[in-house]
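The values are calculated or read from the model by the stated rules, or taken from the named source; none is laboratory data. Computed from a predicted structure; not experimentally measured. Here the Cβ is made from the backbone with ideal geometry for all residues, glycine too, and neighbour counts use every protein chain on show. In case anyone asks, the SASA skips ligands and DNA or RNA and just uses the protein heavy atoms, side chains included. Shrake-Rupley method; radii C 1.70, N 1.55, O 1.52, S 1.80 Å.
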Amino acid sequence: KTKPIELIIEAYNAGQRHFGENYIQEICEKSVNPELLEKCPDLKWHFIGNCQSNKVPPLMKCPNLCVVETVTSQKLASKLNNQAKSRDMMLSVMVQINTSGEENKNGLDETEGVQCGKFIKEQCANLNLLGLMTIGNLGNSLAANTKGENPDFTKLIEVRKKLSQEIGIKESDLELSMGMSNDFEEAIRYGSTNVRVGSSIFGARNYPAKPNPDSDPAKPNPDTVAQSMQNVSLDAEKK
């Protein structure tokens, strides 16, 4: 998020293929960038932000869109499925679960999540139900670093078990997207197959600041990105 094209290219050259964005406008702009399309032909975009139904058409036009991790309703799933069908393509999706029950967090509760997953599996022929995703509670993540227990991770595993039983597949056939820069190691120990570690690799988000005529714009340091890629030990892609 908010990172320049140069850093994406450097991470790509270091071996990274999966990149996430959580703003529609940003993924739409970056995905059609000529330099990215030329230098990163195998780049795979994950959309990990809130997606309103009316934003589905522009999102689905994005080249190399690989996964939408934030399906939060059957209505949204239907929209994505219809758009995928019209483009004669298959799209992988994840159902977002609000494992912490926080009102300010997007996602479905356990029962709704299972129902949505079943709906996708049975009625959305152009969607591949890849798995489940959660953001979780920051306090739980920080506590897990010392206690080694995270109820949000446990809850997502429980929902996966119920969903797999409901649709008749193995639990291992459903991936888990959980864990971010402050708790990805613990998430991997719990069985996460996708971790979101942009801050660890690229640094904190850069939001536009007011112009300062007395200073030059900050330039990205690609070498720092490559080093960060080496420092983050994870396997975010188990296919």
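Computed FRET efficiency, Cβ-Cβ of THR111 and GLU149, R0 30 Å: what is it to the nearest 0.05? List each step's numbers first, then the result.
Values: r = 24 Å, r/R0 = 0.80.
Efficiency computed from Cβ-Cβ geometry: 0.80.
Nonpolar atom fraction for region 1-134, defined as the carbon and sulfur part of the 1.4 Å probe accessible area, stands at 43 percent. Placing dummy labels 7 Å off each Cα toward the beta-carbon, the span from LYS121 to SER86 is 2.9 nm. Once divided by 2.2 N^0.38 Å, the Cα radius of gyration of region 49-96 becomes 1.00.
Relative contact order for region 56-111: 36 percent, from Cα pairs under 8 Å spaced at least 6 residues apart, divided by residue count.
In region 1-153, the ratio of gyration radius to Kirkwood radius, Rg to Rh, stands at 1.00 when only Cα atoms are counted. Database remark: amide H of GLY136 closer than 5 angstrom to the amide H of THR99, SER100 (H placed geometrically; neighbours at sequence offset of 5 or more, or on other chains; Pro and chain starts carry no H).
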